[in-house]
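Here, each number is a calculation from the coordinates, and none is a lab measurement. The shown structure was predicted, so the numbers you read here are calculated from the model rather than taken from an experiment. Ideal geometry is used to build each Cβ from the backbone, glycine not excepted, and the neighbour counts take in all protein chains shown.
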Amino acid sequence: MSSKAGGAKAPRKESGIKVIADNRRARHDYEIMQTFEAGIELKGSEVKSLRGGRTNLAEAYAAMKAGELFLINSNIPEYREANRFNHEPKRPRKLLLHKKEIAKLASGVQRDGLTIVPLKMFFNPRGRCKVDIALARGKKLHDKREALKERSWDRERARLMREKG
């Protein structure tokens, strides 16, 4: 029997998917219109760091540059054992999508004024790192309050139903 030192919480597994980072704040701040699964171009030290389960998508977003999509401001900390071959933690990383998907995202951003936000980063069953990105519209303060009220009422209704049996 082995136990984990430091009380680190094990990542949840969903049918062979190992979730590395989950951007829960994005679902609160944005109304998700459409989601896409994108590959991501990484260096070796970045993959090693991700396998350790350390990354942050909180302030990350995706942007178009010269017809390609890049993940900006995502933090993948340096891998300690990589020494001088290490990567820059907040460098822009190219997202890998089909041309039709990139065109759809670009038109959503230009025409409708939507934003491209990362929702989660994970390893698929084949061991490849993927990023779920979404075309999203920013919520106003009153929309956020409405969503909180709705969630609260759903919890209260479920509690009442359990009590009445």
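Side notes on the structure shown:
- With both labels modelled 7 Å from their Cα along Cα-to-Cβ, the Met161 to Ser15 distance reads 2.4 nm.
- Only helical runs count toward this figure. For the chain, summing -39,500 (n - 2.57) over DSSP H runs of n ≥ 4 and dividing by all residues gives -10000 deg cm²/dmol at 222 nm.
- With a cut-off of 17 Å on the backbone N, the residues of the stretch 28-50 near the modelled label site 7 Å out from Lys140 along Cα-Cβ are 29-32.
- The residues packed around Arg54, meaning those with a beta-carbon under 12 Å from its beta-carbon, carry a net charge of +1 if Lys and Arg are +1 and Asp and Glu are -1.
- Taking 22 Å as the limit for the C-alpha separation, the pairs Lys65/Lys139; Lys94/Lys130; Lys65/Lys140; Lys48/Lys100; Lys100/Lys139; Lys65/Lys130 exceed it in the case of Lys65/Lys139; Lys65/Lys140; Lys48/Lys100; Lys100/Lys139.
- Between Glu81 and Met33, the contour length at 0.36 nm per residue exceeds the Cα-Cα span by 13.2 nm.
- Among (i) 183; (ii) 197; (iii) 297, the entry derived from the coordinates for volume of the Cα convex hull per residue in Å³: (i)
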